[in-house]
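Just below is one structure, and these are the notes that go with it.
The values are calculated or read from the model by the stated rules, or taken from the named source; none is laboratory data. Everything numeric in this text was worked out from a predicted model, so none of it was measured. Positions of Cβ are generated from backbone atoms using ideal geometry, with glycine treated the same way; all protein chains shown enter the neighbour counts.
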Amino acid sequence: MAIDIKKILMHKKTGRKFYVRDTSVDFHSQFGFVCSTELEKKAGNIVQSNTKDEFIILEPNFLDIYSKIKRAPQIIPLKDIGLIITRCGITKESVVVDAGAGSGALAISLGAIAKKVYTFEKREDHLAVAKKNIEFMGFSNIVAEQHDIYESVPVDDADTMTLDVPEPWLALDSAEKCLKVGGMLVSYSPCIPQVSDFVEAVKIRDKFQFIETIELTERQWEIEGRKVRPKSRSINHSGFLSFVRKIK
């Protein structure tokens, strides 16, 4: 986990989170400042600023830190990452290949669970962002390299391979060589023509079995006693997830 974020201050009234990187100095925000001596208190304690605003002290968890990574290329939403992890059966013993590192968000999420993650990116500018984010999160089990996944994959016997690339069907040869028998392949695509081309390319190969394509939507709700209603903002379409298994 990133070592430069020491504590979380959650503003009690608004729920807004503030990130404390140095507990030896006073922390300033629009709600006043909290003395450094207060910042040393344990998680769960309530401290006050000089303006009498109350904050709850918390230890940063994975999502607290993850929310601070740099976003250059668009990242896969958490709702879709969760489905990838569960449908592919990724565990602490899994070796995962992530093709199309982008900002590194998926690789980081996988690295929090899997034994080893190899993430590959063709573009130097995207790879630079991914590497900085991986370093920021403090993961040592993620390897990020520049590589054209359409040409080959320098990894064998992987449990899972993820594709977040413009033409995922061009990576099927690489996936065949990379995955172990029984391994899972998942392609994330924003447009349905990409999905169609990928799935049809999978169906003509005898080493893969197409399982399903899924689109997830997310809707949050406002709860005030018995007065409940969906929030006006929601995450509708983000992308399509196509799941495939290597069968021989």
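One table, with the values for the structure above:
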{"item": "When residues of the stretch 31-40 are limited to those that are at pLDDT 95 or above and part of a loop (DSSP other than H, G, I, E, B), the one surrounded by the most Cβ atoms within 10 Å (Cβ to Cβ)", "result": "Phe31"}
{"item": "Candidate set from the stretch 168-216 (those that are of a type in the set (Gly, Ala, Ser) and in contact with a helix residue (DSSP H, G or I) (Cβ under 8 Å, 6 or more places away or on another chain)); member that is surrounded by the fewest Cβ atoms within 10 Å (Cβ to Cβ)", "result": "Ala201"}
{"item": "Meets criteria (crowded, with 19+ Cβ neighbours inside 10 Å, assigned to a loop (DSSP other than H, G, I, E, B) and in contact (Cβ under 8 Å) with a residue 24 or more places away in the chain) for Ile90", "result": "yes"}
{"item": "Close pairs from the stretch 230-243: first under 16 Å from Lys79 (Cα atoms), partner assigned to a strand (DSSP E or B) and aromatic (Phe, Trp, Tyr), Cβ under 7 Å, at least 6 apart", "result": "Gly239/Tyr188; Leu241/Tyr188"}
{"item": "Which numbered condition Phe55 misses (of (1) touching a helix residue (DSSP H, G or I) at 6+ places or on another chain (Cβ under 7 Å); (2) over 18 Å from Ser187 (Cα atoms); (3) among the hydrophobic types (A, V, I, L, M, F, W, C); (4) crowded, with 21+ Cβ neighbours inside 10 Å)", "result": "(1)"}
{"item": "Subset of the stretch 171-204 (residues that are of a type in the set (D, E, K, R) and either within 22 Å of Asp148 (Cα to Cα) or in contact with a strand residue (DSSP E or B) (Cβ under 7 Å, 6 or more places away or on another chain) (or both))", "result": "Asp173, Glu176, Lys177, Lys180, Asp197, Lys203"}
{"item": "From the options Asp80, Asp64, residue that is acidic (Asp, Glu), at pLDDT below 95 and in contact with a strand residue (DSSP E or B) (Cβ under 9 Å, 6 or more places away or on another chain)", "result": "Asp64"}
{"item": "Qualifying residue in the stretch 132-142 (condition: crowded, with 19+ Cβ neighbours inside 10 Å, within 16 Å of Lys116 (Cβ to Cβ) and in contact with a strand residue (DSSP E or B) (Cβ under 7 Å, 6 or more places away or on another chain))", "result": "yes"}
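Quick grid of which residues meet (1) of a type in the set (Val, Ile, Thr); (2) out of contact with any Ser or Thr (no Cβ under 7 Å at 6 or more places or on another chain); (3) free of Cβ contacts under 8 Å to residues at least 40 places away in the same chain; (4) under 23 Å from Pro77 (Cβ atoms):
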| residue | (1), (2), (3), (4) |
| --- | --- |
| Cys178 | no, yes, no, no |
| Ser187 | no, no, no, yes |
| Phe198 | no, no, no, yes |
| Gln209 | no, yes, yes, no |
